[in-house]
1. Would you mind telling me the antiparallel percentage of the DSSP bridges in segment 430-564, rounded to 5?
2. Taking the mean number of other Cβ atoms within 10 Å as a proxy for protection, how do you rank 515-524, 261-270, 212-221 from highest to lowest?
3. Checking the a/c ratio against 1.5 first, then a/b against b/c, what shape does the Cα gyration tensor give for segment 240-395?
4. Shape call for segment 308-364 from the C-alpha gyration tensor, a ≥ b ≥ c root eigenvalues: rounded (a/c under 1.5), prolate (a/b greater than b/c) or oblate?
5. TYR63 to GLU203: FRET efficiency via 1/(1 + (r/R0)^6), r the Cβ-Cβ distance, R0 25 Å, to the nearest 0.05?
6. Return one whole number: the accessible area per residue of segment 186-272 in Å², for a 1.4 Å probe.
7. Taking a threshold of 27 Å on the Cα-Cα distance, which of the pairs LYS554/LYS710; LYS577/LYS728; LYS215/LYS395 fall above it?
8. For LYS534, give me every one of the aspartates and glutamates with a C-alpha distance below 13 angstrom, ignoring sequence neighbours fewer than eight places off in its own chain.
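The values are calculated or read from the model by the stated rules, or taken from the named source; none is laboratory data. Quantities reported herein were computed from a predicted structural model and do not represent experimental measurements. Cβ coordinates were reconstructed from backbone atoms using ideal geometry, including for glycine residues, and neighbour counts include every protein chain displayed. With ligands, DNA and RNA removed, areas are computed over all heavy atoms of the protein, side chains included. Shrake-Rupley method; radii C 1.70, N 1.55, O 1.52, S 1.80 Å.
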Amino acid sequence: MFQTIKTRILPLVFLILCAICMAFMQRTAYASESTPQEHSIDFDITRDSISDFDNVYPIYFNYWRNYPEAGVVDLDEWSLNDFSVDFELHVEGQSQSYIESMTYVASDYQWNGEIAFRNIPVPYNDIKVEYYLDENGDHIEPYLLHYDLYLDKADGFMVLRIPKLKPTKTGPVELTGDEKLLQLRKTLYLNGESGDDALDGFESETAVKSFEEAKARVLANRFITEIIVQGTTPIEGDISLAGTNAKIIRDSPDEENSYGDYLFSVPSGKTATLSHIEIDGNSEGNKEVTKSLILVNKKATLNIQDGAILKNNHIRNLGDKETNGGAIAAYSAKINMSGGSVENNKAVLGGGIYLSQSNMDFIGGTIQNNESQRAYDSYGDVHYSAGGGVLLREKSVLKMSGSAQVLNNHSAEVGGGISVNSTHTGGDCVFYMDGGIIDGNSSGSCGGGIFIQAGYLGLNPSKAYISAGKITNNIMDGTGYRNNYFGGGGIYVNGAPWSGVEGSNGELYLTNAIITDNTAEVFGGGYAACPITKTKIYVTDGAAIYNNQADKGKDVYVLCSFALGLHSGTPQYELSKRMLGGVPYQWKNDDGSLLAEAEYEGTLTAEGETLSLYTDEKGSELTQALAKVIISGNKSATRGGGIGSNGTVVIGTEADTIEVPVKKIWAGDEDAIDARPDQIKISLIASVKLEKDGKEQLVENIIDQQILNKENGWSYTFTHLPKTSNGKETSYRVEEEPVEGYSATISGSAEEGFILTNTKTPPDTPPSTPPSTPPYNPPHTPPSTRPYYPSSKVVIPKTGDDNRALWSLALASVFAATGAMGFMFSQNKRSRKLEE
């Protein structure tokens, strides 16, 4: 049934036909947008030694029958199916690769063993051919369905690297001519402690020592895809693997050893800049990691730029011992991050980045999917973790702005995105946010997005100054061990009383904010404050807090209690009467009644006493235009969906406000006072010049409306209005609804007060007595042969002997006669034209 299988030998190499058909043409092509190519090449490849059924069948059948899911072999028919073998050409400097296929048609037992590459753009018109083996130095298997070819640049010529295939029967392998044996090495070893740059780097025992040497090796050999680090390597200067196929990876452990220490360190006083480099902690292959990817030493600087990826470094849980910085640990150092990504790393303190007495400028790039793991402090009998994305400790400063992003990080306890100090003692850290996004982070106890710690044992508290950016969709899920009573889905500010612990409240300073669409499962959907909180909300550069959700206190909730241990006390608060942009809050209690004037500021002193409020207002277009901070979509399993506070929160800027008096004056209707309307509606309009898209634009909106009537003396004073907004002067004017029968004028100014004067409009003057003789009306009968024109006789009304009247009538008669002549002339001219 089967033909006899011949035992022909599969040649060791691909045959390059037509002297590789190197038809170098002097034409211009482009391999990329930035690198012009002056030449192009054509070449053919053949596998004619298996061009018949006898050789194709055993080579592919014997292997692929063990993998029927590949579809190459039909085990029912015990035959080959149709299949193809792809050859992919990778050209250095070009993102595009080229694929050609050899095919086998089962019905014809036909193997198409030739392919052609055409018009491949290259910079040089000379080419050499090299052959490569696999990473073990063996020939490439002949039954693969995909082969890679490489076209690389050398010194003034191109190098075409093609695989050398294994023979089909045993026997010595001989290389002939100028063929080079190129081993396809995928790994290079780097050990900054015991390596030697004079060694080949292909084995653990022959690792190179410096990053510079490792980079030179992978630039020369594009087949290297991994630089395996076995010992901490100092780095400085530009640290990039641009133009290579390699990434940095932590060594995997074997039975004798494992490597869990730092991969790189920036020496004291030095600067290293990461760009276009991937540094992988190999958490899947190494479970014994104990240190960060990078250590930044005292007075050193680490720059993280576009294309730098620091990932996958999971420091193992060491019981009651803290671990710091999944990706980066900085001590008395500086970090500048303008691009790149820190992702999927784990530690107890600072899942992504740990800062101790260090500063970080974060203007771009992403810190995402990192985790702060829970640890147990047996001495204090507490569980702790802090800073899923970033942790600040010991007088560290983080400045976030621009396009920086902190996304989807998690902390088992506090500070899912950013933790401004940990739950340990030690304070005086500062976080500035003037842009960027903190989104989708979560924590188990408090501060899903941001946690701000208090000061204990006489230390200064930590502080946050937030003036621009988005804090959105963060969650406090309530799964932590620590107290989560006041939650804080977006932000949590911790507090500490002086008595007992010599403490001081953490501090949050927030300006130009909209706090909306946040949710708390219990109280305080927008903002919730506990007994030792001090809350101040100002109208100038303040906040619009509205449309949040909770069982009670949808927008604002404040509690007095003496049953919360160190956090017991009498909370102080001061609420703004107007939101950002000037719209009145009209605060309401949970039962719908308006908050009394005297209760906008005060101190709760009775056990269980609460301030539980919401508003129906939603701001205006001016509110939206002024807003620079958005706190929205955050959730808390307890209280404080947007912000939970146990410390000091100041929203807006303490500044003088102004009043705008308005008085209505009625004029000209003294004899008909009863004709006045019972009331009129007046509108207060605020205007601010704001910069948008580099241009100054005037934004104005109605921010308040009031009724003037006899009961309030036809006057009202708009109060608690900001003098400035976003540092720009706010101007005010008033308008009133039109009153029928009156004309209105507005005088005065916002500073002096506006006066609205409504003056009675006299009735329309009735027409004079009509003339005794009616005017002449011509008949409407159409003319039989020509248009009818009225007589030029003037009928003079009997109005007395008035020469001016006579002259007027005479002139009118002349104009009428002239008009009639013109009409006749026009009609006659038109008739002649039609006849012609």
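1. Details: 1 of 27 bridges.
That works out to approximately 5 percent antiparallel.
2. Values: 515-524: 25.7, 261-270: 20.1, 212-221: 18.4.
Per-residue Cβ counts within 10 Å, averaged per peptide and sorted highest first, yield 515-524, 261-270, 212-221.
3. Working: a/c = 1.74, a/b = 1.19, b/c = 1.47.
Oblate shape, in that a/c is at least 1.5 and b/c is the bigger or equal ratio.
4. Values: a/c = 3.37, a/b = 1.39, b/c = 2.43.
Oblate, because a/c is 1.5 or more while a/b does not exceed b/c.
5. On the way: r = 30 Å, r/R0 = 1.20.
FRET efficiency, TYR63 to GLU203: 0.25.
6. Details: 3860 Å² over 87 residues.
Averaged over the residues of segment 186-272, the accessible area is 44 Å².
7. Numbers: LYS554/LYS710 37 Å; LYS577/LYS728 21 Å; LYS215/LYS395 37 Å.
Where the Cα-Cα span goes over 27 Å, the pairs concerned are LYS554/LYS710; LYS215/LYS395.
8. GLU507, GLU574, GLU601
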